[in-house]
Amino acid sequence: MFIKRIISSIALIGILFASIFIDWLCGLMIAVLIMIGLYEFFVMLEKKGIRVYKYFGMCIGSIILLSIVFRFELTKNWELLFIVLGLLFLFIMQFRRRDNSGVIVDISTTIFGILYVSWFLSFVIKIRYMPGGVGLLLAVLLITKLGDIGAFLIGTRFGRTPLIPRISPKKSIEGSLGGLIFSICGALISKPFLDFSYLHLIILGLALGALGQLGDLSESLMKRDCKIKDSGELLPGIGGALDLADSLIFTAPAFYFYMNSL
């Protein structure tokens with residue numbers, strides 16, 4: 001499993017570096033990965049017996065992503081309009097149903113998937129499109145994914161105390177602390193891209209590392225509810241696209257808004 005994880009990671013790093021210097025190509029590659037993750041999320045809900053509007057949700061999710069990739073923006077935060085329109089059409093679609101049972105759950109989970117996967121992860125693309133976006137994207141990836149690696153390595157070797165066994169039995173407090181240390185190291189490595197003091201970088205690494213672990217735990221919580229281990233089988237040793245990107249779900253928006261606030 002570890003060897004498969006390494007091979008998948010190397011392949012992903014190669015794809016990233018092949019596209020990261022061309023903004024639209026990088027954005028398109030990220031968008032494709034996000035759409036695969038959104039499909040996995042909807043399939044996961046279907047396995048739980050929820051009548052999610054999978055293809056409609058993917059259509060709205062893809063429009064949001066493509067509007068960002070190709071900078072189609074009539075007004076600021078134009079993509080939010082698609083979410084509002086999506087909700088409106090979902091209500092209209094309910095008029096064709098023969099019964100009213102499950103309407104709230106079906107609509108809510110579809111909109112939640114669009115927000116949770118497509119919109120939250122779209123901030124990865126927005127980071128790439130910022131001034132100095134290549135460095136900023138590399139920074140957030142280093143901080144977040146080194147946290148993942150640290151949690152896995154330290155947890156596998158030294159993990160003794162369960163973190164939240166009800167959600168993820170294999171995650172440990174030792175692994176969590178190791179992940180935070182690796183995230184801080186990722187922030188320090190990112191100093192060429194982030195003109196911050198070392199103390200500032202340590203705090204940033206700690207904050208994003210914690211958010212990354214919350215993203216991982218949130219997906220684990222939903223997978224546990226749906227009684228599945230991985231969201232998909234796209235990446236041997238890692239799982240699905242959503243398993244790969246879960247730690248970025250909260251770190252990407254937080255990093256984007258923080259950098260824009262400076």
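General observations
- Annotation: residue 156 carries an accessible surface of approximately 100 Å², with a 1.4 Å probe and no ligand, DNA or RNA atoms counted.
- Test item: Cα-centred dipole of the chain, Lys/Arg +1 and Asp/Glu -1 on Cβ, debye: 540 debye
- For the range 30-83, convex hull of alpha carbons as volume per residue, Å³: 69 Å³
- Working from Cα pairs under 8 Å separated by at least six residues, relative contact order for the range 22-143 is 37 percent.
- Heavy-atom surface of the range 79-175, accessible at 1.4 Å and reported per residue (Å²): 52 Å²
- Exposure ranking of 134, 124 by accessible area [1.4 Å probe, largest first]: 134, 124
- Evaluated with a Cβ-only charge set (Lys, Arg +1; Asp, Glu -1), the range 1-142 carries a dipole of roughly 280 debye about its Cα centre, given to the nearest 20.
- Here the relative contact order of the chain, from alpha carbon pairs under 8 Å that lie six or more residues apart, stands at 23 percent.
- Estimated from helices alone, the mean residue ellipticity of the chain at 222 nm is -24000 deg cm²/dmol (sum of -39500 (n - 2.57) over DSSP H runs with n ≥ 4, per residue).
- Helical segments meeting 18 Å axial Cα length and Kyte-Doolittle 1.0 threshold in the chain (DSSP H): 2-19, 23-47, 54-69, 79-94, 133-158, 173-189
- Kirkwood Rh, angstrom, the chain [1 / mean 1/r, Cα pairs]: 19.1 Å
- When each of the peptides 176-188, 248-260 is scored by how many other beta carbons lie within 10 Å of its residues on average, the order from highest to lowest is 176-188, 248-260.
- Estimated distance in nm for a label pair at residue 6 and residue 260, the labels positioned 7 Å out from Cα along Cα-to-Cβ: 4.0 nm
- Qualifying lysines (Cα of each under 18 Å from Cα of residue 48; at least 8 residues distant if same chain): 223, 227, 229
- Short to long, the 10 Å bins of the Cα pair-distance histogram for the range 26-154 hold 12, 36, 30, 16, 5, 0 percent of all pairs.
- Protein heavy-atom surface of the range 165-227, 1.4 angstrom probe: 73% of the accessible area is carbon and sulfur, with nucleic acids and ligands not counted.
- Surface composition of the range 52-152: carbon plus sulfur atoms contribute 73% of the solvent-accessible area (1.4 Å probe, protein chains only, all chains present).
- Area accessible to solvent at residue 65, 1.4 Å probe radius, in Å²: 0 Å²
The values are calculated or read from the model by the stated rules, or taken from the named source; none is laboratory data. Bear in mind the structure is a predicted one, so any value in this text is a computation, not a measurement. Using ideal geometry, Cβ is built from the backbone for each residue, glycine included, and neighbour counts are taken over all protein chains shown. Ligands, DNA and RNA are excluded from the accessible area calculation, which covers all protein heavy atoms including side chains. Shrake-Rupley method; radii C 1.70, N 1.55, O 1.52, S 1.80 Å.
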